[in-house]
Amino acid sequence: MPASARVVSDFAMTMKTEPSILSLVPSGSAHRVHGNRSVALPGVMVDILTTRKIELEQWELRRLNDPYWRLYWPVNEGGIVEIDGTRTLLKTGHVYLIPPHTTFSTTTSRPFTKWYAHFNLGPAADRAAPGIHRFPTTAHMRSLLKSLVRLGKQQEEVRFPWSAIQLVTEAVQCLPESVWEKQRLDARVQKAMDFMHQHLGLKLSAEQVARHAGLSVRNLNHLFQQELQQPPMRVLLDYRLDEACRLLRHTEDSIEAIAEQCGLVNRHYFSRMLRQYRSTSPAAYREESL
């Protein structure tokens, strides 16, 4: 066995050749690991918020800007997405991806039906350059859609929709490198967003966020409006609601506990914000996610 692959493990790894990396093995622990790390890739997540088929008589969204990805798969034609004055007709035989923080509007030329998924990929991937991306469907994508149709017919028995995760990941793999290379967020905005995302449970003020990003509150607000068309505290609220919704889906924590963990003051404020910005209640959202 080559030296680069030599590992003896008792549950954890202590780095000997990379002292700058924080070891997860506590000092004095009984765990012992000796070896060389040959490959280290970053952690990733695929968090499916919802996957649905919807029949639309009308689809009028005005300058929507959400903190999550959207995947659209039109069953028939009639849907139109407009970004920066450019209209994209949603055509059958294609899937469409819209990254987070893309400001867009929609309309219809006639009633149409589509499958859609809302999902998150984690802070790094969720900074992809705004826009809309179209890809021809593959044979494997079409088989996954058939699987979703079958799952939809047996909703009461569904416990884990693997095909939704597979569909999302296959579509994301089609994105060109330019989507990641052309991330156009100002570095100070990214720093502020990272700070907010990492401290959801704290009572953060605009002054604290601005100070961390090296900006005045006025300049912070100006940059966020310029880059995201939203004030920083609204972005923070979206992060909090996203995390609260994730906890509603994946834990049995009480609504009060979730509100506190996510910096949403109390269940009443949480409920009011979720109704205002997501058109649902915590209890209804949890019920729909079962």
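Only the coordinates and a few stated rules stand behind these numbers; no lab work does. Bear in mind the structure is a predicted one, so any value in this text is a computation, not a measurement. Every residue, glycine among them, receives a Cβ derived from its backbone with ideal geometry; neighbour counts consider all protein chains shown.
Roughly how many nanometres apart are two label points built 7 Å out from the Cα toward the Cβ at Ile80 and Ser279?
Between Ile80 and Ser279, the simple spin-label model gives 2.1 nm.
As a test of understanding, state the convex hull volume per residue of the stretch 47-181 from its alpha carbons, in Å³.
For the stretch 47-181, the hull spanned by Cα atoms encloses 106 Å³ per residue.
With a 10 Å radius around each residue's Cβ, average the other Cβ atoms per peptide and rank 108-115, 31-38, highest first.
Sorting 108-115, 31-38 by mean packing, highest first, produces 108-115, 31-38.
Whole-Hz Karplus ³J(HN,Hα) for the stretch 172-179, in order, using 6.51 cos²θ - 1.76 cosθ + 1.60 and θ = phi - 60°, x for Gly and Pro?
Result, ordered by residue: 4, 5, 7, 5, x, 4, 4, 4 Hz.
Only one of the values [x] 25.9; [y] 19.7; [z] 13.6 was calculated from this structure for mean projected area of the Cα convex hull in nm²; name its label.
Read-out from the structure maps to [y].
What FRET efficiency would be calculated for the residue pair Lys191, Glu260, taking the C-beta separation as r and a Förster radius of 25 Å, to the nearest 0.05?
Calculated transfer efficiency: 0.45.
Could the peptides 171-181, 126-136 be put in order, highest first, of the mean number of other beta-carbon atoms found within 10 Å of their residues?
Going from most to least packed, we get 126-136, 171-181.
At a threshold of 8 angstrom on Cα-Cα distance, excluding pairs fewer than six apart, so keeping six or more, what relative contact order does the chain reach in percent?
13
Taking H as built 1.01 Å from N, whose amide H comes closer than 5 Å to the amide H of Val95, not counting residues under 5 places away?
Hits under the 5 Å cutoff: Phe135, Thr137.
Rounded to whole Å and sorted largest first, what semi-axes of the equivalent ellipsoid does the C-alpha gyration tensor of the stretch 187-289 yield via the square root of 5 times each eigenvalue?
Those come to 27, 13, 11 Å.
At 7 Å along the Cα-to-beta-carbon direction for both Phe160 and Thr50, put a label point, then send me their distance in nm to one decimal.
2.4
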